[in-house]
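J.: There's a structure below that I have some questions on.
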Amino acid sequence: MNHKQAIDGFDDISNDPWENIGYHRVLGSFFWNIVFAVLMVGYVMLIPVFIPYPESMGFYNILTGIFNSIFTLADLGTASATSRFIAEWRVKDPNRTIMYVRFFIWFQSFTGLAQTTVISIIGLHALGATNISYMPWLFLWLSTVQYPGWLSVFTEAMKGFQQFGKVSLIQVLNTIFFQSLTLAIGAQLGAILGNGNP
């Protein structure tokens, strides 16, 4: 199968029942989220067990609040635009859909590199005179999540393809497993290294 045939394979979506107009996509997403809400309750109850120092979670929440604002501003609305144009052009012209995805990947690559670099410089050189002068290494560590930033490419593409169940699954896996494991392992390693080198 060559590239042209692979792209043209998108044309044969008319037989898929998921493509029928109706409320089933929104309803399916709602029920998916109920299942994941139960998992999130367990996650919220278990996270204090694995992160023994509450201040580490506080530092993380402060930085994610700061970074979410910066990253949303630096995104320039391209994430929402990508899901919007994928939803419009996935049936009309699949080749154009691929062009939007390609643009978003390149955009995230270059702007993610710039964001990581700028935030790292701020963390290393500008935080000393502020109230959060104890956070430069946390700035460096958490700024790396923005490069290459391709997780948002897949998430926004799934939104554009209206696969909201998969979007929910990606978000739960990211929150419960990847972020939580990183926080728990990092907190434990930090405690061990800190206690070993007072």
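J.: Could you please state, rounded to a whole Å, how far the C-alpha centre of region 126-198 is from the C-alpha centre of region 37-55?
T.: 16
J.: Run the simple label-point estimate for Asn197 and Ile121 please: 7 Å along Cα→C-beta, distance reported in nm.
T.: The answer from the label model is 2.8 nm.
J.: Also, I was wondering about something else. Counting helices only, and only those DSSP H runs with n ≥ 4, report the 222 nm mean residue ellipticity of the chain as the sum of -39,500 (n - 2.57) divided by its residues, in deg cm²/dmol to the nearest 500.
T.: Values: 9 runs with 146 residues, N = 198.
It comes out at -24500 deg cm²/dmol, rounded to the nearest 500.
J.: Obtain the nm distance between the two label points defined at Leu183 and Arg84 by a simple spin-label model: each point lies 7 Å from its Cα along the Cα-to-C-beta direction.
T.: It is 3.2 nm.
J.: Next question, about the same structure. Which net charge results for the neighbourhood of Trp32, defined as the other residues with beta-carbon distances under 12 angstrom from its beta-carbon, given Lys and Arg at +1 and Asp and Glu at -1?
T.: Working: positive: Arg25, Lys166; negative: none.
Value of the local net charge: +2.
J.: Divide, for region 59-198, the radius of gyration over alpha carbons by 2.2 N^0.38 Å, where N is the residue count. Could the numbers behind the result be given before it?
T.: Numbers: Rg = 18.0 Å, N = 140, 2.2 N^0.38 = 14.4 Å.
Here the Cα radius of gyration is 1.25 times the empirical estimate.
J.: Between Trp141 and Phe30, what is 0.36 nm times their sequence separation minus the Cα-Cα distance? Round to one decimal in nm. The partial results should precede the final answer.
T.: Values: separation 111, 0.36 × 111 = 39.96 nm, distance 3.44 nm.
The Trp141-Phe30 span can extend by a further 36.5 nm.
J.: Still on this structure, please answer the following. Find, among the chymotrypsin sites (Phe, Trp or Tyr not before Pro) in region 120-150, those assigned to loop by DSSP (not H, G, I, E, B) with at most 14 other beta-carbon atoms within 10 angstrom. Provide the component values of the computation, followed by the final result.
T.: Values: sites: Tyr134, Trp137, Phe139, Trp141, Trp150; in loops: Tyr134, Trp150.
Within region 120-150, the qualifying chymotrypsin sites (Phe, Trp or Tyr not before Pro) (loop, at most 14 other Cβ atoms within 10 Å) are Tyr134, Trp150.
J.: Separate question: If you place +1 on the Cβ of every Lys and Arg and -1 on the Cβ of every Asp and Glu, how big does the dipole about the Cα centre of the chain come out, in debye to the nearest 20? Don't skip to the answer; put the middle values down first.
T.: On the way: 9 positive and 10 negative charges, 21 e Å.
With Lys and Arg at +1 and Asp and Glu at -1, about 100 debye.
Every number in this text was worked out from the coordinates using simple rules, so none of it is lab data. This structure is a prediction, so every number in the text was calculated from the model and none was measured. Neighbour counts run over all protein chains shown; Cβ positions are idealised from the backbone, glycine included.
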